[in-house]
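Worksheet for the structure shown next.
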Amino acid sequence: MRGMRRERLRLALIFLIVSVPAAAAAQDAGRVKERLMTPAGEIRITQLDEGALGNKFAVTLGDKSVLQIEGGEEGPFSDSPVPTILKHFDAVSPYDKVVVFQQNMWGNACDGGPIWFLGLKRDGSFNVSEPIDFCGGRPPTIARAAGRIVVTIPGGPPNRGRGYIPGETWVYENGRVRQLRQARRSRR
């Protein structure tokens with residue numbers, strides 16, 4: 001009888017030891033929104049607050065913090081939702097991998113959100129670019145061209161009213177983002 005109780009206690013203890021870390025891992029995995037393996041390590045995007053409209057998040061590379069917004073910060077990423085990965089490219093000099101992120105806005109007033117780049121080197125070093133302010137319209141095209149990444153934001157009519165909003169072309173090169181000058185549109 002005593003042996004059976006001891007065996008049950010032992011099994012209950014084993015179950016507890018195995019299930020507690022598994023439950024904690026499952027809870028953490030529920031907050032991880034995206035993962036991407038890179039030559040520099042795993043990128044993880046984790047939402048730090050509850051609900052669908054979260055804007056507290058962490059982007060990590062292995063055990064390094066790339067970007068963390070917990071509320072109250074000032075800066076280009078602080079007023080935007082949890083980022084998503086749009087695309088990634090291998091070997092864009094001087095990086096072994098470049099990951100393109102977007103932080104789509106809430107609601108329907110802006111069908112877009114800031115676009116930014118994370119340049120990664122195999123040794124684990126990284127660079128976060130300034131964001132491209134993109135509020136929406138037709139989705140941008142993002143492609144590699146001549147050793148750089150080109151983001152083309154199509155032009156078109158405004159959401160309300162008349163007129164035409166010109167398109168924009170942005171280039172990510174050597175860890176920096178810059179807008180290319182646009183040719184003036186003739187009025188005929």
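The values are calculated or read from the model by the stated rules, or taken from the named source; none is laboratory data. Since we're looking at a predicted model, the values are computed, not measured. Glycine also receives a Cβ, built like all others from the backbone with ideal geometry; neighbour counts cover every protein chain displayed.
Could you tell me which numbered condition residue 161 fails, if it satisfies all but one of (1) at pLDDT below 85; (2) part of a strand (DSSP E or B); (3) not acidic (Asp, Glu)? With (1) at pLDDT below 85; (2) part of a strand (DSSP E or B); (3) not acidic (Asp, Glu) applied to residue 161, the lone miss is (2). Between a first residue in the stretch 85-99 that is under 18 Å from residue 176 (Cβ atoms) and a second residue that is surrounded by fewer than 16 Cβ atoms within 10 Å (Cβ to Cβ) and among the polar types (S, T, N, Q), which pairs have beta carbons less than 8 Å apart while being 6 or more apart in sequence or on different chains? Correct list of pairs: 93/174; 94/174.
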